[in-house]
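Read the structure below first, then the notes.
The values are calculated or read from the model by the stated rules, or taken from the named source; none is laboratory data. None of the values given here were measured: they were computed from a predicted structure. With ideal geometry, Cβ positions are generated from the backbone for all residues, glycine too; neighbour counts draw on all protein chains shown.
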Amino acid sequence: MRRMYRRSLLIVLVALTVVPLSVRSNPFFDEPRARDRTDSAAESGLEMEHGPMRSTRWGDGVIARLWADTVRSISSRQRDLNNRLGLLLRNVSESGVTASGWLGVLGFSFVFGVLHAVLPGHRKSVLISYCVADRARVVHGVALGFLFAVMHAVSAVVIVFATVSLVEVSLGSSVARVSRITQIVSSVLLVAIGAVFCYLTTREIVRHMRHKSHEHSRPGGAVCGVLHGGDSVHPTTGKWVPVVLSTGIIPCPITTSLMLFAVSVNAVYLGLVAVIALSAGLGVALAALAVLTILVKGRVLALFDRKAGHMLHVGVELAGGIMILGVGAITLMLLV
Amino acid sequence: MRRAIAILSLAVIATGSLSAHPHVWIDSRVEVEVSENRIEAVRANWSFDPMFTEMIALDYGRGQSGEYSDSEIDSIRRGAFENLRHYEYFTHIELNGRSVTVDSVERFSARLNSDSFLEYSFEVPLGVPIEDGTTLKVSMYDETFFTDIAYRDDYAGVYGMPEARYGKRLTRERHSIPIWGYMTRETVEFVFEVD
């Protein structure tokens, strides 16, 4: 019974990692998607509370209060950091770059990056899903976190420079449009990658079942030795490349804002330095999350005995593939 | 103990993927225009963060010492404001307990203030009579949380009515928005008195 309970809890928690998906669009420029629109949300039956003083039992709960207060607190600090960073960049661009100016830009950008990543978004659900789906090691988690961050920033910088070079008017809205296209492309790629993950895992399960049947039918019941037990017997298989590429192409909106800002105040090099520091901050937070996921996955699987652990392992990996596919499919539905 | 830590950590990861984060920050102020015991309009004043400010300045210039011409204001309205109609202009009004749909606004204006921050202002026409105890609540928030809006220290004012005849207060409460769950919302509440 306790085992059933633990398994159920695990499945629920893993499923939670992808439930609310983040699809970013700038409401000042972009047409809203179904989930963003107030009228559509009402039509779809999503809970909307108009009227300032209404509250519900859940809204009064400790978790809701803690969550709302945490988000508000982090967002408030981001607001402050964003203002300070903007003013600092503006001052440095006007009065020249000093050592303290460089340090200030680097420090504010790095902390801003960490804080920015702490509040969810940036396709962290894909990162978590991948770490659940593949047999990644801690070192892979660190690399993945930083690769996500670097790709995210490089994409933003490329899009801003390309837009500034090619478009003479409405740069902000043009960047927003290009960003949206990259989100659509990313979602399509994620559907494909998720499908491949599911196929590979399913094929492995079928092979394992055939192999097991074969071994068990042999006289004397020889020890199988392949995929029995909860241990990871394969190193990570390099599936991270398409995952990183498909999600990293989405530009980080705050990086696009930062680069547009730098272009506007004629401080492109300073902007690039700020983006590098911001990406480092993002990378630290994302790598920490990836490593935590990998470690927790290992610890949770270790709670089960070898046979159950193996079944759970394969099940969790299949769930991870389904999650990636689901993230792609749902974000695609929200985007188009 | 190890099990508890493992499960708790997974729960942290799970909640870590929820929600999103803002990319535009607005400091807001609300003003109520009163004339002959009627609430004529609710006026919103938004002051943007430096990044969004420069994004607009890059596209529309900086005007004459921060003051945009009528045609420039119209361009900004069409290019970087009017789309907010899909989001009720982030403005949610409740009059005597009833929601007021904000589907259009008037007198939009844009400028760069003395600190070179972009400011938007616009009015939501109401034209409703004031009775004793009339209550008006104004919240400003973005359901998508792309924009984080907070009231300034001088969060509200009423024009056209003596201060002794109205009360105002700023409240914070949690409310549910699609996808992200419970968030903190700030509301300015006015209560009017009539002889």
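Residue-wise test of (1) closer than 19 Å to residue A:141 by Cα; (2) at pLDDT 70 or above; (3) of a type outside the set (S, T, N, Q).
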residue: A:237; (1), (2), (3): yes, no, no
residue: A:258; (1), (2), (3): no, yes, yes
residue: A:268; (1), (2), (3): no, yes, yes
residue: A:272; (1), (2), (3): no, yes, yes
residue: A:281; (1), (2), (3): yes, yes, yes
residue: A:304; (1), (2), (3): no, no, yes
residue: A:317; (1), (2), (3): yes, yes, yes
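Among the residues of the stretch A:132-143, are any out of contact with any Ser or Thr (no Cβ under 9 Å at 6 or more places or on another chain), buried (at least 22 other Cβ atoms within 10 Å of the Cβ) and in contact (Cβ under 8 Å) with a residue 60 or more places away in the chain? No, that holds for no residue. Quick test of your reading of the structure: residue A:60 fulfils all but one of (1) surrounded by 15 or more Cβ atoms within 10 Å (Cβ to Cβ); (2) modelled with pLDDT of 50 or more. Name the failing condition by number. Failing condition for residue A:60: (1). Just one of the numbered conditions (1) within 25 Å of residue B:58 (Cα to Cα); (2) out of contact with any Lys or Arg (no Cβ under 8 Å at 6 or more places or on another chain) is not true of residue A:179: (2). Of the candidates A:258, A:295, A:270, A:286, the single residue that is away from chain B (no Cβ under 11 Å) and either in a helix (DSSP H, G or I) or surrounded by fewer than 19 Cβ atoms within 10 Å (Cβ to Cβ) (or both) is A:270. Within the stretch A:161-170, is even one residue of a type in the set (Asp, Glu) and surrounded by fewer than 20 Cβ atoms within 10 Å (Cβ to Cβ)? Yes, the stretch A:161-170 contains a residue that is of a type in the set (Asp, Glu) and surrounded by fewer than 20 Cβ atoms within 10 Å (Cβ to Cβ).
Pull up the stretch A:75-117, narrow it to residues that are within 30 Å of residue A:331 (Cα to Cα) and within 8 Å of another protein chain (Cβ to nearest Cβ), then point me to the one that is nearest to the chain's Cα centre (by Cα). The qualifying residue nearest to the chain's Cα centre (by Cα) is A:116. Checked across the stretch A:66-83, the condition of being modelled with pLDDT of 50 or more, among the hydroxyl-bearing types (Ser, Thr, Tyr), touching a helix residue (DSSP H, G or I) at 6+ places or on another chain (Cβ under 6 Å) and not in a loop (DSSP other than H, G, I, E, B) holds for no residue. Of all the listed residues (B:166, B:151, B:159), the sole one being more than 14 Å from chain A (Cβ to nearest Cβ), aromatic (Phe, Trp, Tyr) and under 20 Å from residue B:47 (Cβ atoms) is B:159. Looking only at the stretch A:39-50, decide whether some residue is at pLDDT below 75, more than 26 Å from residue B:48 (Cβ to Cβ), part of a loop (DSSP other than H, G, I, E, B) and touching a Pro at 6+ places or on another chain (Cβ under 6 Å). Looking through the stretch A:39-50, at least one residue is at pLDDT below 75, more than 26 Å from residue B:48 (Cβ to Cβ), part of a loop (DSSP other than H, G, I, E, B) and touching a Pro at 6+ places or on another chain (Cβ under 6 Å).
On inspection, residue B:171 fails the criterion of being buried (at least 19 other Cβ atoms within 10 Å of the Cβ), in a strand (DSSP E or B) and at pLDDT 80 or above. Can you tell me which residues in the stretch A:156-190 are in a helix (DSSP H, G or I) and either touching a Gly at 6+ places or on another chain (Cβ under 6 Å) or on the phi > 0 side of the Ramachandran plot (or both)? Across the stretch A:156-190, the qualifying residues are A:187, A:190. If only residues of the stretch B:20-40 that are over 15 Å from the mean Cα position of the chain (by Cα) and assigned to a loop (DSSP other than H, G, I, E, B) are counted, the one that is nearest to residue A:115 (Cα to Cα) is B:21.
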